[in-house]
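Everything below concerns the one structure shown next.
The values are calculated or read from the model by the stated rules, or taken from the named source; none is laboratory data. Being a predicted model, the structure only gives us computed values, none of them experimental. Neighbour counts run over all protein chains shown; Cβ positions are idealised from the backbone, glycine included. Heavy atoms of the whole protein, side chains included, go into the accessibility calculation; ligands, DNA and RNA do not. Shrake-Rupley method; radii C 1.70, N 1.55, O 1.52, S 1.80 Å.
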Amino acid sequence: MAEVKKANDANFEADVMQSALPVLVDFGAPWCGPCKQLDPIMDELAGDFDGKVSIVKVDIQESPGTAAKFGVMAVPTLLFVQGGEVKDQITGSAPSKAKLEEKLGSVFS
């Protein structure tokens, strides 16, 4: 089963922006309640979309440069990245698995 990958300021460009697969990036923080609610959903999506979409988590405290580069002002923030370009974004409360599956299908179709 695929796992959620960890990205940081050092590897974000290679792991996300240059990825051959579309990427769902989860910007979060250890102290963020909604981020913790999102963690098991992201784990499930990593398995469900294995080989189709890469699921990546970024801790904004460990990677402030990447968070700033993408204007992350609130967590969780989810970016949908394909071909090195941000295609869509969700900011705020943790969406349901069904909503994320629907969004992945519409953004990366």
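What to note about this one:
- Elements of the type helices (runs of 4 or more DSSP H) sitting completely within segment 19-109 and holding at least 3 residues that are open to solvent by less than 50 Å² (accessible area, probe 1.4 Å) and farther than 14 Å from A7 by Cβ: these cover 33-48, 97-107.
- Output for segment 60-95, where each listed residue is among the small types (G, A, S) and at pLDDT 95 or above: S63, G65, A67, A68, G71, A74, G83, G84
- Summed over segment 1-18, the residues that are open to solvent by less than 50 Å² (accessible area, probe 1.4 Å) and of a type in the set (D, E) give a count of 0.
- Scanning segment 16-70 for residues that are touching a residue at least 40 places away in the same chain (Cβ under 8 Å) and among the acidic types (D, E) returns D26, D43, E44, D48, D50, D59, E62.
- Residues (of a type in the set (A, V, I, L, M) and over 17 Å from L38 (Cβ atoms)) located in segment 3-24: A10, A14, V16, M17, A20, L21
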